[in-house]
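Here is the structure we will look at.
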Amino acid sequence: MKNIGRWLIPVIGGAAFIYLLVPIAYIFVFSFNDGGRANLQWQGFTLDNWLNPCGAPAVCESLVHSLQIGVVATVIATALGTGIAIGLVRYKFRFRKLTDVLIILPLATPEVVLGASLLAQFLNLGWELGYTTIVIAHVVFCMSFVIVTVRARVSSLDSRLEEAAADLYASPRAAFWKITFPLLLPGIVAAALLSFAMSFDDFIITNFNSGSFQTFPKFIYVSATRGIPPQANVIGSAMFIVALLVVIIGQVISYRRKKQLENA
Amino acid sequence: MSVELRSKDEIRAEKRKNRTGIYLISPGLLVLTLFFALPVVVLLAMSLYVKPPGAEIGEFVPGFELSNYATVLSAYWPELLRSFWFALIATVLALLIGFPMAYLVAVRLRERTLLQGILLVLLIAPFFSSFILRTQAWKQILADEGFIAQSLKFIAILPPDGHLTATPFAVVAGLTYNFLPFMVLPIYANLGRLDTRLLEASADLYASPITSFTKVTLPMSAPGIFAGTLLTFIPAAGDYVNSALLGNNRDTTMIGQVIDSRFFRVIDYPGASALSFILMISILILVTIYIRRFGTKELM
Amino acid sequence: MTTLAERTTSTVSAGADLHLSGISKRFASFSAVEDLELLVPSGTFFALLGPSGCGKSTTLRMIAGLEAPSEGSISIGGQDVTALPSHRRPVNTVFQSYALFPHMSVLENVAFGLKRKKDKQAMDKAKAGLELVELSHLANRKPAQLSGGQQQRVALARALVNRPQVLLLDEPLGALDMKLRRQMQLELKKIQTEVGLTFIHVTHDQEEAMTMADVVAVMNGGRIEQMGPPRELYELPRTAFVANFLGKSNLMRGTVTGESEGMLSVNVASHTILLPVSRAVQTSGEVVLGVRPEKITIDRVAVAGDNQLSGTVIDVSFTGTTTEYLVEVEQVGPIGTFSQNRGQQPAQEGDTVFLAWDAEHSFGLAGDESVNAGVES
């Protein structure tokens, strides 16, 4: 039995990684397809798509929209969510249970319901669907993830460090900016990255609350039936490569730090 | 016991502290109230709207039409059940695939930092490449004229007129695929803290590898498994991108698709709202039962 | 270590008196400190000794300003600081967990307090502080890269460089192994003598308190049981708790039967034991009589001494320099003692032995005390 365990885990795990990466590889390969607008069949190799990613104008326009929304929604959700996370862990106040429910519930609500309820709200208010309503929707669903991520970090923060700061003449403000905030920063950055990824990639909630406003996922979904232009694959691959580089750099830094620690 | 006596300064300091807490929490709470809690109430209200006689399409007035629920339930219960069924299978599959992945990266490769790092990158990176693009890629990979379908037909696993896409298989595979990282990452986080000396201790105390696994590894990774299953099941149950792109026929329609089309194609706001509300409540009930049964405090 | 005076002659600030008056601290469900009265003179190395939960850490936190007293006032150098928040008090703490800032280098940690006080020479003073604890070569490391002993010294330097009027030490040696602990005890004592600050050292280790402090206060249940120089506390405990918590004691119940020439006669299970009046908390009626184990002579033949008991050896343990005995004295109970190993044949289990001690080594406690108070289990 022991031997089975030995090879079973690497085999299943390895196969799972291939499963995870096959579509990404496919997207990458087909970003070089000389397939014109449809890009369903392999027509031949070309670099045109990479050299001219805005060749299909709708691709770039929707991409810019998604990036804008991602950044704005992330900044707002991270700021508001971090406030709640710190407040919840560090301060006592009434309606705590209710607040907890209000934070957890969006996580337990499928996107289609979140999207539908916001749509009902916007219809009710008579707001025009577009950029603003998308940003609001993204802030709402990203915020819960930010709160959960940052709260874990706040909870694991040693409050004795803040006491030590106070003992060493740091005013509450100085203690926050010199000690608390720098120690929370990795958690906040992780939350912001997650938030951006989720906002950028969101389709369902956006679809409900965007009206005719085009985002990158929406553009791909709509064009899926008649074929997605290869430029979209270029964007998808480029995003993946950028993300890969960002994570690799992060890993290298933490790897170095670890090595440094071991050598010390 | 003795009553707590506090000085004025102390009370003032406490109040000041509490005020900081309120400043920190209020803005976010306001957003959640206005754009989450309130919309859910509006959704509930809208699900009870009535269509006045002779009204145009999309025209409804406030009312209390409970029969909206009966109508949509009797029409769409198969889609609702199918959504939960597909989500359940996808969650179980994701667990079966995801646990060995997490174990491989977190425990087996613990000593090999570089390889571990690379695999971790590959686990996180899909978050940053478009989910719909990847689903569409699957559709093309599994397409009738694609390499996989042709090979399966060649070795006669798939009948000559068989399909891979537009089947429940494709939809469940797509769901499993798309939510796999949500399963793996929490388990990884948990297994990353697993002290392998515990396994040695367990082996030392006469436990076979299987016993060690079921008695030590599994219980210790339970919070991760718990979080992972929730993070997979909930979005999978409400998803419609996979069923639309990889299925798109009567055998694969999920509830999300129905809600979407009742809102945007049929313009039946009350019906769509009622369905959304049913979906939300059913998931809440299922999740609550699940938490009661298996939940750990660590999650909340 | 080179002396601090060589480096910081100009900035040596003497400590200040610390005065706690009528301090109480009540939490929702229990009372941690009750009506505490304490005056620590400037420049004293003062130890607060007690078991965990006795209120010593709460007292320390109140002095530091991390906890507000429910009642009473705290003054340092004659100035009332009760209402001052922690960051405005001329007090620094060496925390039990060290609480070093993990994201800052060792040097930045040490300079932290000086920078908050806008000290222009913050960096220079921090470097000097690190030199004092002999860690200059590790200035750029992060705390996680240091050993426990090194972290402890950084924490000490971080507090010392600020030249606080009172330095608080919250079990700072608790996490160190025995050898390092002894070494740090000596260093701490030396530094205190050099800088002349008022040190308040909280500990549950009685040996540590006795070796380091000028004055020890034994705390129990939110109150100070007894306070004084270590020798005085040890030689003449006034409560059963102090007698048992600070070293070991043999306590036995008896009744005062008479008094002559400054000596009380105490009847302990039909034996007459002498006890100086000056060493008794109570001079009549039921009393608890005590004697330290090392004051007792043990032999297989009757030995000279004012007070005599005999019994049967029930336990013998050899510790190298001494042999410890537990002797069951009929109707009195087990009495512990030991003898130096000077080549004599040790008594065996079951042997009948004679015990004796001088009258001036007896001490008398109140009769209503429990003889087991403060016994560490």
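At full extension, residue A:71 and residue A:101 could sit 8.1 nm farther apart than now, given 0.36 nm per residue minus the alpha carbon distance.
Helix A:230-263 and the longest principal axis of the Cα set of chain A meet at an angle near 40°. Could you pull out the longest piece of chain C with no exposed loop GluC sites (Glu not before Pro) in it, calling a site exposed if DSSP puts it outside H, G, I, E, B and it has at most 11 other Cβ atoms within 10 Å? Answer - C:1-260. Can you tell me the FRET efficiency between residue B:33 and residue B:281 if r is taken as the Cβ-Cβ distance and R0 is 22 Å, rounded to the nearest 0.05? My answer for the efficiency is 0.65.
For the range B:51-94, chymotrypsin sites (Phe, Trp or Tyr not before Pro) meeting the loop criterion (DSSP other than H, G, I, E, B) and having at most 14 other Cβ atoms within 10 Å: B:64.
Averaged over peptide A:7-18, the number of partner chain Cβ atoms lying within 10 Å of each residue's Cβ comes to 5.
Of A:97/C:142; A:178/C:56; A:92/C:25; C:25/C:295; C:120/C:190; A:97/C:118, which sit over 32 Å apart, Cα to Cα? Where the Cα-Cα span goes over 32 Å, the pairs concerned are A:97/C:142; C:25/C:295; A:97/C:118.
Over every Cα atom in the range B:67-294, the radius of gyration and the widest Cα-Cα span, Dmax, amount to 20.6, 66 Å. So for the range A:91-152, taking the charge dipole from beta-carbon charges (+1 Lys/Arg, -1 Asp/Glu), which of A:95, A:124, A:134 sits furthest toward the positive end? Ranked along the dipole, the leading option is A:95.
Across the range C:33-68, the residues whose backbone nitrogen lies under 17 Å from the label position 7 Å along the beta-carbon direction of residue C:84 are C:40-43, C:60-68.
Between residue C:29 and residue A:92, take the C-beta separation as r, use R0 = 25 Å, and let me know the FRET efficiency to the nearest 0.05. The calculated FRET efficiency here is 0.95. The modelled label-to-label distance between residue A:189 and residue A:255, using points 7 Å beyond Cα along the C-beta direction, is 1.7 nm. Cross-link candidates for residue B:215: which aspartates and glutamates have Cα within less than 17 Å, leaving aside residues fewer than 8 places away along the same chain? Straight-distance partners of residue B:215: B:195, B:200, B:204. Neighbour counts of C-beta atoms inside 10 Å place C:62, B:220, B:183, C:178 in the sequence C:178, B:220, C:62, B:183, starting with the fewest. Site pair residue B:193 and residue A:132 shows an inter-label distance of 4.4 nm when each label is modelled 7 Å from Cα along Cα→Cβ.
Can you work out the PRE-style zone for residue C:331? Point 7 Å along Cα to Cβ, and I want the residues of the range C:256-288 with backbone N under 19 Å. Residues passing the 19 Å test: C:256-258, C:265-275, C:285-288. Applying the criteria of a DSSP loop state and at most 16 other Cβ atoms within 10 Å to the trypsin sites (Lys or Arg not before Pro) of the range A:169-264 yields A:226. To test your reading of the geometry: what angle, between 0 and 90 degrees and rounded to tens, separates the Cα axis of helix A:57-90 from the longest principal axis of chain A? Orientation of helix A:57-90: about 20 degrees from the principal axis. Each label was represented as a point 7 Å from its Cα along the Cα-to-Cβ direction; for residue C:314 and residue C:270 these points are 1.9 nm apart. Note on residue B:57/residue B:113: beta-carbon distance plugged into 1/(1 + (r/R0)^6) with R0 of 56 Å gives a FRET efficiency of 0.35.
Taking the longest Cα principal axis of chain C as reference, the axis of helix C:178-195 is set at about 60 degrees.
For a modelled paramagnetic label at residue C:207, 7 Å from Cα along Cα-to-Cβ, the residues of the range C:237-266 in reach, with backbone nitrogen under 18 Å, are C:244-249. By the Cβ rule of 4.7 Å, chain A holds the following cysteines without a possible disulfide partner: A:142.
Read-outs throughout are calculated quantities, based only on the coordinates presented, and are distinct from any laboratory measurement. Computed from a prediction, not measured in an experiment: that's the story for all the values here. Don't worry about glycine lacking a Cβ; one is built from the backbone with ideal geometry, like all the others, and counts go over all protein chains shown.
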